[in-house]
Amino acid sequence: MRARHLLPLLSLLALACGSETPMPSIPPPNAGPAQAKAELPVVPIDWERQPLAMAGDGPSGAPMSLTAGDGTGLQIVSLKASAVIQDPLAFTEIRLVFKNPEPRAIEGRFQITLPPGATVSRFAMRQEWGFQEGEVVELQKAREAYEDFLHRKVDPALLEKQAGNQFQARVFPIPASGEKEIIFSYSQELVRAKDPYQLYLRGLPEIGRMDLRVIYENSDGATPEAVSRRALELHKVNFKPDRDLSVPLPVLDGGARGLRHEELVTARITPLKEAAPDRIGSLVVLFDTSASRALGYQAQVARLGRVVEAIRKDMGDGAPLAVVAFDQDAETVYSGKAADFGKRELDKILARKPLGASNIGRALRFAGALSAPGGGRFSRALLLTDGIATAGDSETQELRDELDLIKNAGIERLDVLVDGGIRDEALLGYLAGGLLKGGVVLDASRPAAEIAARLGSATVSGIRVNVPGSLWTWPDELSGMQPGDQAIIYAMLPKHLPFEVELLRGEAKEKQSVRFVSVERPLLERGAVNAQIRRLMAEHGSLSDSAAREAKKDHIIKLSTKYRVLSDFTGLLVLETDEDYARFNIDRTALADIMVVGPSGIELLGRSRPKAMSVAGAPANASEPKDEPEAPAKRDEAKSPESAPSAAPNAPPPPPPAAEAAPVGPRPKPEASDAESFSGSPPAAAAPAMKPQAEFEAPEERPSPPPAPPRAAPSAQPRPVALGGAAPSRPIPTNPYRDPAGAPRESEPPISRNANGNMESDEAEETYPAPYEGKFADVMAHIEKKRAKEALDIALAWRDQDPGDALALVALGESYEALGRKDAAARAYGSILDLYPSRADLRRFAGARLGRLGPAGLELAVDTFRRAAAQRPDHPASHRFLAYALVRSGKPAEAFDVISAGVRRGYPAGRFEGVPWILQDDVGLIAAAWIRKEPAKRAAIIERVRALGAKLPSGPSLRFVLTWETDANDVDFHIRDGRKGHAYYSSPVLRSGGELYADVTTGYGPECFAIEGRPKAYPYKLGAHYYSRGPMGYGMGSLQVLEHDGSGGLKFDERPFVVMTDKAFVNLGTVTGPLR
């Protein structure tokens, strides 16, 4: 590589290290494949001589998997892993072929746990013509694009970071009884020379064919260019791995080990040779018992016992010791002399069971409260966790207050033991360095004696790092170091200068020479960019100013997209064609090259042309992109009878879905246009003047939202509130999933009109398939028969057998609720948050269940709804759930801000039918609750309501709002009144009063049935028909019963539900009278 190729990287990294100047638009280097190397000698891998993993090493459970929406694992037909080790860096490429056992197309969830600090650089999916590469895209845009293409029944995939070093991808479609092939690659730093390179395999099911190849590049020490290469290989058929692949690194005598490509250098250094002791005098231990600890929980508890015993030998039998178990709440398991902690206390932790979300901030506050009485009862704290905070404060700037609290309580040092393969070492490193004395982050799988020795040794911070003559060095300072600790540093060093590292502590200076190997650019460059992104992420987390955080976030996204290094704010999005990317304004004209593993090492797949490419393993030459087949023809083949209509053959790709806003008020609905961006809206026309409105005046008619498809402009005619004998206010929406409106369907009983003119079923709901199956059906049957203890026994055994099954946790929560144990139920539902922290759909589902528990779960419900709204602001339910949880928490002003944000943003056209009316109703109801609490602000609140095009309610009302957490499917809402009236999608109005706003056939809901005025036909019997299962599998959702007394008083009844079978009817209960 010529020197000029380093200039773009130098410019970007200089920006990352210093100023916040806007990043220049500099294309990344565009080199071709590396020159071919000589054929490598091959050394067979002796599997039986590979070390067996210790408990706690690597990920718990399978390190990679592809599952259906119901949790069914797909068979791994083949696994081909290729890796290149350029010590201290490594690059790994994994090719997987999965088989779908279902006779229907499904959406799959690919999940992989990477080594700590690893970063993803490639995600590709095989299409008919070869592999389509994922592009690094800003995360929210990627999520919205993925769901749009999911609805069009084409082939999207999206990979994003889930928690810590775990990544997850949504893949659609996986064809019925067919196969799906994906490529996944990542790079990593090998920080500790004595730790081997590892490929996580232990825990995988039987693999049809497994091929492993590791290329090791090593210098013989004579010259930097004298590099030897060898390939280690293993080939197995019908094989189930019982251990991970480990490749030891060579141990060098003295000095540092590094890599160099012209000006860019990296090295592994050992900054410290000795340190003073720091004996533990008193200790509070915080032990994580959250749901993610379930796999190997007994081993973790046993390890806690061994560590405490080893520490006791150093601190003495009489030293004060406290042990706290924490998840979403905390309890003191033991407090007393160190010598008296033992089996009884460990059994108590086992009996607590691993449940609930992980709230590290609450655990720190609890430790501070324990230490504070009498002033500094404990001088040291030890945190045993994975560092994945799934509830409460989770960013560094949010956790400052907790660190200050325990500091003021007399705790001087906080150390961390990381247990398990999934971890957030960046957050834990911040916590360990946040007190008067720096702590350490240690792997809990180390021997207990080694851990105790490290905890009894002081750490050293403020070690300045300098590479003489370099333009920049990163990191330029090291903290929390102990003897033997190592670190990876990067620098930009003119190529004529020697590679040396200076370490400065006060006036003392130590110089280390670096034994380096000359390498090609790709891996070294990506490693340097990843290091800068990690630093910027740490800075982002420490900022409290929102504008500064957004600027830092934008900086990270630009680095991430330019150099194909995934970050927390980006995802890898796979679409079918270049036109699909263009539709969402995703630039593919300056594409970073892709690192691949070739026969002799790392190669670059050049991408100077923005075309879909075929790479190694596909039939075409990688340098000659194949012409794409006609997309419309392919999509026709993928259609099923339940598919939504696709574009006409040979038609140009449709524009991105327009952002659909509320059709009344000062922000009219924008027209869809090819020129619109997906996430924004074109300039709106001038708003019609709003009519002055009295407080709580009679209800005013409003225009009706249009039917879909096609989308039309809002009707100018006002929509009458459906009371008495009113006719339906809008045409019945066209439903692409079902027969023409009014016609009986195969799965639906014949219908007739009753004396009131409403549709009435001739058969009871029991003629539908049962909504539950398997163990969940057993649990619910026991609960219905008032045998809650038996239900709990089944649920506990199910959860122990499959700790990651969300339905097992729902069954556990239902059982605890039936026994009146609301705190235990809250931990069961909180477990869903802990296992699926990046799934907004499951956060909302669990939050609804937490909310109905009242004080036992409401605080956590607000927290999880807040996170769901941040993750998926493009889902209306995110805003609604959060807003009403805040109302129930006594915060109507904050709730009004939340629902206002939901009204102002746009939503994709053709989805969330009727949501403008629902959200505007919400604005009025929440405003009424706010006025009730703060009547002095009435005028200002009314003005804000009018500005949103909404109005205050004029009197009492009753609303039933149905939401479900599956996409691209149809759930029908049925309402029956006490006069035998029946309202549903083709008969939306009850003669007794009330109207179904719209029929949502594209997933998620919400669907609302509103009764204005006092209800006249109790009891109301409510149900949901799971008409179309869709690609995501089991249905989970919630019915909200919302009653307004006419004066701002709101009452709620949350009714979560689960449905597991197609065409099933779920009984959502009866509303017999006003809510209590």
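For a quick check of your reading of the model, give me the residue pairs whose first member lies in segment 77-91 and is touching a residue at least 12 places away in the same chain (Cβ under 8 Å), whose second is of a type in the set (Ser, Thr, Tyr), with beta-carbon atoms closer than 6 Å and at least 6 apart or on different chains.
Correct list of pairs: Ala83/Thr92; Ile85/Tyr197; Ile85/Tyr216; Ala90/Tyr197; Phe91/Ser187.
Criterion first (modelled with pLDDT of 95 or more and under 19 Å from Asp1053 (Cα atoms)) does Gly902 satisfy it?
Taking the combined requirement at face value, the residue does not satisfy it.
Return the only residue of Gln132, Gln168, Gln188 being among the polar types (S, T, N, Q) and within 19 Å of the chain's Cα centre (by Cα).
One residue alone meets the criteria, Gln168.
Does Gly387 satisfy being at pLDDT below 95, in a loop (DSSP other than H, G, I, E, B) and more than 30 Å from Arg821 (Cα to Cα)?
So Gly387 fails the test.
Considering each of Ala302, Ala319 in turn, give the residue that is within 30 Å of Gln166 (Cα to Cα), in the same structural domain as Ala367 (by TED's automatic domain parsing) and surrounded by fewer than 20 Cβ atoms within 10 Å (Cβ to Cβ).
Details: Ala319 fails: within 30 Å of Gln166 (Cα to Cα).
Exactly one of Ala302, Ala319 is within 30 Å of Gln166 (Cα to Cα), in the same structural domain as Ala367 (by TED's automatic domain parsing) and surrounded by fewer than 20 Cβ atoms within 10 Å (Cβ to Cβ), namely Ala302.
Whether any residue in segment 1046-1066 is surrounded by fewer than 20 Cβ atoms within 10 Å (Cβ to Cβ), closer than 15 Å to Leu962 by Cα and acidic (Asp, Glu) is what I want to check.
yes
Mind listing just one residue for me: the one in segment 354-384 that is part of a loop (DSSP other than H, G, I, E, B) and out of contact with any helix residue (DSSP H, G or I) (no Cβ under 9 Å at 6 or more places or on another chain) and, of those, nearest to Ala338 (Cα to Cα)?
The selected residue is Gly376.
Please specify each residue of segment 116-175 satisfying the condition of being on the phi > 0 side of the Ramachandran plot and either crowded, with 23+ Cβ neighbours inside 10 Å or in a strand (DSSP E or B) (or both).
The answer is Gly130, Gly164.
Spot the failing condition for Ser815; the list is (1) touching a residue at least 24 places away in the same chain (Cβ under 8 Å); (2) under 23 Å from the mean Cα position of the chain (by Cα), and only one is missed.
Going through (1) touching a residue at least 24 places away in the same chain (Cβ under 8 Å); (2) under 23 Å from the mean Cα position of the chain (by Cα) one by one, Ser815 breaks only (2).
In segment 82-118, which residue that is among the charged types (D, E, K, R) and out of contact with any Phe, Trp or Tyr (no Cβ under 7 Å at 6 or more places or on another chain) is nearest to Glu189 (Cα to Cα)?
Ranking the candidates gives Asp87 first.
Taking the condition among the small types (Gly, Ala, Ser) and modelled with pLDDT of 85 or more, does Ala68 pass?
So Ala68 fails the test.
Of all residues in segment 542-566 being among the small types (Gly, Ala, Ser) and in contact (Cβ under 8 Å) with a residue 40 or more places away in the chain, which is surrounded by the fewest Cβ atoms within 10 Å (Cβ to Cβ)?
Ser544
If the requirement is being assigned to a loop (DSSP other than H, G, I, E, B) and over 34 Å from the mean Cα position of the chain (by Cα), which of these qualifies: Gly392, Gly434, Gly439, Gly469?
Numbers: Gly392 fails: over 34 Å from the mean Cα position of the chain (by Cα); Gly434 fails: over 34 Å from the mean Cα position of the chain (by Cα); Gly439 fails: over 34 Å from the mean Cα position of the chain (by Cα).
That would be Gly469, the only listed residue that is assigned to a loop (DSSP other than H, G, I, E, B) and over 34 Å from the mean Cα position of the chain (by Cα).
State whether the residues of segment 1027-1038 include one that is assigned by TED's automatic domain parsing to the domain that holds Phe881, part of a strand (DSSP E or B) and without any contact (Cβ under 8 Å) to a residue 60 or more places away in the chain.
No, because not a single residue in segment 1027-1038 is assigned by TED's automatic domain parsing to the domain that holds Phe881, part of a strand (DSSP E or B) and without any contact (Cβ under 8 Å) to a residue 60 or more places away in the chain.
Give Ala369, Ala391 a once-over and let me know the one that is surrounded by 24 or more Cβ atoms within 10 Å (Cβ to Cβ) and in the same structural domain as Ala310 (by TED's automatic domain parsing). Break it down stepwise before answering.
Numbers: Ala369 fails: surrounded by 24 or more Cβ atoms within 10 Å (Cβ to Cβ).
Step by step, each of Ala369, Ala391 is checked, and only Ala391 is surrounded by 24 or more Cβ atoms within 10 Å (Cβ to Cβ) and in the same structural domain as Ala310 (by TED's automatic domain parsing).
Of the residues Asp386, Asp347, Asp401, only one is touching a strand residue (DSSP E or B) at 6+ places or on another chain (Cβ under 9 Å) and of a type in the set (Asp, Glu); which? So that I can check it myself, show each step before the final result.
On the way: Asp347 fails: touching a strand residue (DSSP E or B) at 6+ places or on another chain (Cβ under 9 Å); Asp401 fails: touching a strand residue (DSSP E or B) at 6+ places or on another chain (Cβ under 9 Å).
That would be Asp386, the only listed residue that is touching a strand residue (DSSP E or B) at 6+ places or on another chain (Cβ under 9 Å) and of a type in the set (Asp, Glu).
Counting only residues that are touching a helix residue (DSSP H, G or I) at 6+ places or on another chain (Cβ under 8 Å), among the aliphatic types (A, V, I, L, M) and within 15 Å of Glu1012 (Cα to Cα), which one in segment 946-994 is surrounded by the most Cβ atoms within 10 Å (Cβ to Cβ)?
Top of the filtered list is Val961.
Looking at this structure, is Ile463 within 25 Å of Thr119 (Cα to Cα), of a type in the set (Val, Ile, Thr) and touching a residue at least 40 places away in the same chain (Cβ under 8 Å)?
Answer is no for this residue.
Name the pairs whose Cβ atoms lie under 6 Å apart, with the first residue in segment 403-415 and buried (at least 20 other Cβ atoms within 10 Å of the Cβ), the second of a type outside the set (Gly, Ala, Ser) and assigned to a strand (DSSP E or B), and 6 or more positions between them or separate chains?
Arg413/Arg380; Arg413/Lys437; Asp415/Leu382
Among the residues of segment 828-842, is there at least one that is crowded, with 21+ Cβ neighbours inside 10 Å, touching an Asp or Glu at 6+ places or on another chain (Cβ under 8 Å) and within 30 Å of Ser986 (Cβ to Cβ)?
For segment 828-842, residues crowded, with 21+ Cβ neighbours inside 10 Å, touching an Asp or Glu at 6+ places or on another chain (Cβ under 8 Å) and within 30 Å of Ser986 (Cβ to Cβ): present.
Looking at (1) in contact with a Phe, Trp or Tyr (Cβ under 8 Å, 6 or more places away or on another chain); (2) assigned by TED's automatic domain parsing to the domain that holds Pro248; (3) buried (at least 18 other Cβ atoms within 10 Å of the Cβ); (4) modelled with pLDDT under 85, which is the only condition Pro28 fails?
It fails just one condition, (2).
Where residues in segment 73-95 are closer than 13 Å to Leu199 by Cα and aliphatic (A, V, I, L, M), which of them is nearest to the chain's Cα centre (by Cα)? It would help to see each step written out before you state the result.
Filtering segment 73-95 for residues closer than 13 Å to Leu199 by Cα gives 79-85, 90-94.
Keeping just the survivors that are aliphatic (A, V, I, L, M) gives 79, 81, 83-85, 90, 94.
Working: Leu79: 25, Ala81: 26, Ala83: 27, Val84: 29, Ile85: 30, Ala90: 26, Ile94: 22 Å.
Here the residue is Ile94.
The values are calculated or read from the model by the stated rules, or taken from the named source; none is laboratory data. Just so we're clear, the structure is a prediction, and the values are computed from it rather than from any experiment. Every residue, glycine among them, receives a Cβ derived from its backbone with ideal geometry; neighbour counts consider all protein chains shown.
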